[in-house]
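Here, each number is a calculation from the coordinates, and none is a lab measurement. Remember, predicted model here, so these are calculated numbers, not experimental data. Cβ placement follows ideal geometry from the backbone for every residue including glycine, while neighbour counts extend to all protein chains displayed.
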Amino acid sequence: MNIALILIALTTIAALGIGIVARSNQTMSLEQWTVGGRKFGVALVFLLMAGEIYTTFTFLGASGYAYGLGAPAYYILAYGTLAYVLSYFILPIIWTYARRHGLVSQPDFFARKYDSPALGILVALVGVVALVPYLVLQLTGLGVIVQVASFGGVSKTVAVITGAVVVALYVMVSGVRGSAWTAIVKDVAIIIVAVFLGLYLPVHYSGGMGQMFAAVDHAKPGFLAFPAHGQSVTWFVSTVLLTACGFFMWPHSFGASYTAKNAAVFRKNAIVLPLYQLVLLFIFFVGFTAMLVVPGLKGAATNMALLKITVAAFPPWFVGVVGATGVLTALVPGSLIMMSAATLFARNVVAAFSPGMSEDDTVKLARLLVPVIAIIGAYFTISGNDTIVALLLMGYSFVTQFFPALICSLAPRNPATKEGAFAGIAVGVATVVYFTLTKQTLAKLLPALPGAWKDLNIGIVALGLNVIVLVAVSALTARSRALAGRAAE
Amino acid sequence: MSKLGLLAILPFIGMFLGPILHNEPTPFILGLPFELAWIVGWILITSAVMLVIYWFDPVRNETGDTP
C-alpha cells in the first residue's frame, strides 16, 4: 500500500467516524433518518444542497468533460446558477406545503397535491430509476480514484466493490445528519484543492491562465467554442434548460429542501449559491491544462484527467490528498442517493401497496434495501463504460419529467388533473427510455429536421411531449368530469 | 411574486445570448476565452439580481427575515 492509498483509507475511516458520532443521541425515526427532524438552518441546508453541487460529477466529471470536449463543459457552470433562480420561487412553496402536511419524500408531495397514490408510486419508481445512473457515477468516481491512486495496482472491479461497500456502510450508520457534517469537511477540502490545482497547474505548465488558454486554442482550434454539430449551441441551450429545471427534481434534492428550518433559507441561498458555482471554473482550468499535459485519454478514460495530471505534477502524498477529497465528493452524495433510493422504494412503493406496514418496519426495510441498491449500482458501474457527465445527463432526462406536473401543482388552482400529470410523466419517461436503450438520436430519427434542431437534448424533446400530453389529457379528463358532474345533478 | 420577480428572467436570457450571438473563443477576457468569460459574468450578475429581488421582496419584509 502506498502513501496515497493510506491517506485515502484514513479519510474514509474518519468519515465513517463522523457519521457515527453525528448519529449518537438521536433516535432514528424515519423523519430523523431522512429529513433530520426538519431542524437545519441556513448553513446545513446550504451544505446539503451544495452536497449536490460538489459531487464526483464536479470534481472528476467536469474536469474530464472540459478535457474531452472543451466548451460544451461550460453548461455545467450555467445550469446550477439558473436552477437557483428558479429555487427562489419554487422551494419556499414546496417547503411550506411539505411542513404543513408532514411530508418526508418527493412522491409524498405529488401523491398529496394530486390526491393520487398511483402518481406517488410512479414518481417513486421513476425517482429510483433516475438515481441509479447518479449512484453509478459516484461509484465510477470512487473506482477511478482508487485505480489511479494505487498506480494501477488495484483493478476497477475491486475498487468499485470496495467503494460500494463503504458507501452502504456509511448510510447504514449515519443517515442524513452524518451526511451534513461530512459535507462541511468535504466542501472545505474541495474548495482548497480545486482552487489550488486550478491556479497552480496553468501557471506551472503554461506560465499563466491566458497563456494556457491560448495554448489550448492553438493545439485544438475551435475547442474553446461550441462545435457546429453535436454539442452545439442548440445542445447547450436545451441541456442547460433541462438541467436547470431538473436540478431540484432529484428525489434527494427535493428531500433535502425539507430539512430547512424556515423558508427564508432558500431565498438567501439563491443569492449566495450562484457564486459558489464559481469553484467549477478552477476545475475547468485543471481539465484544460490536463489536455495539454496528459493528452490521449479518450471516452470514459477522460474521467481520469484531473487525477492523471495530479500524478504527473505532484508527489504521491499529494495525490493522496486529492484522492481523499475525491472520495469525500463521492461518499457524501453517494450516501444521500442510496438513502433516498432505499427510502423511496420502502416507503413510497412497498408501503404504498401494503397499508398495514408500520413506520418501524418501513425504516427496517429501507435499511435492508441499502445493500441491495449498492449491489445494483456496483454491477452497472463495473459493466458500464460511460463518462460521468453522460451518466448524470441520463438521470436528468428522467427527473426533469416531474417539472411540468410540479409547476402546475404550485398554482393556486391546479390546471393539471392527476390523469394528465400521470400520463405526461409516463410519456416523457418512456421517450427517454426509448432513446437511451436504442441509442437513437434525433438526427437519425428525423433527418428532415433543420440542422440546429437536431442537436436538441433528448430530455428536452421528452419534456415537450410530456407537456403536450399533460395539457391534452388534463383538458379531456377535466371536461369529462365536468360533464359527469352535470349529469349527476 | 412581486413585479420585481420578473427580473428573474434576465439571467436566462443573458446566459444564452452570448453563445447564440457570438460563438467564438476570442476575444479573451482576463485570460478567459470569450464564452467562459461571458458565463462567469452572468453568474455574477445573477447573484446581484437575486439580491435585488430578495431585498425588495414583500414576503421578506412581512416575515421579517434579515438579509
*For the protein assembly as shown, size of Cβ-based charge dipole, Lys and Arg +1, Asp and Glu -1, in debye*: 600
*Which of the listed residues, A:S480, A:L465, A:P371, is farthest toward the dipole's positive end in region A:356-489, when Lys, Arg count +1 and Asp, Glu count -1 at the beta-carbon?*
A:S480
_Shielding by partners - mean other protein chain Cβ count within 10 Å, residues of A:283-290_ = 1
*Along the positive direction of the dipole of the protein assembly as shown (beta-carbon charges: Lys, Arg +1; Asp, Glu -1; about the Cα centre), which of A:G153, B:F16, A:Y258 reaches farthest?*
A:Y258
*Would you mind giving the mean number of other chain beta-carbons within 10 Å of the Cβ of each residue in B:20-29, as a whole number?*
4
*Which shape class applies to region A:109-149: rounded if a/c is under 1.5, otherwise prolate when a/b exceeds b/c and oblate if not, where a ≥ b ≥ c are the square roots of the Cα gyration tensor eigenvalues?*
prolate
*Divide by every residue of chain A the summed helix terms, -39500 (n - 2.57) for each DSSP H run of at least 4, and state the resulting mean residue ellipticity at 222 nm, rounded to the nearest 500 deg cm²/dmol.*
-25000 deg cm²/dmol
*asked:* What does the charge count around A:W235 come to, taking other residues whose C-beta lies under 13 Å from its C-beta (Lys +1, Arg +1, Asp -1, Glu -1)?
replied: 0
*Around B:P25, what is the net charge, scoring Lys/Arg as +1 and Asp/Glu as -1 over all other residues with Cβ under 15 Å from its Cβ?*
-2
*Note down the relative contact order for region A:213-361 as a percent, whole number, built from C-alpha pairs under 8 angstrom at least six residues apart.*
20
*Inter-chain Cβ neighbour average for residues A:217-227, partner chain, 10 Å*: 3
*Quick one: pull the percentage of alpha-carbon pairs in region A:205-353 with a separation above 18 Å.*
74
*With a ≥ b ≥ c the root eigenvalues of the C-alpha gyration tensor of region A:346-489, is it rounded (a/c under 1.5), prolate (a/b larger than b/c) or oblate?*
oblate
*If you take the square roots of the eigenvalues of the alpha-carbon gyration tensor of region A:3-383 and sort them as a ≥ b ≥ c, do you get rounded (a/c under 1.5), prolate (a/b over b/c) or oblate?*
prolate
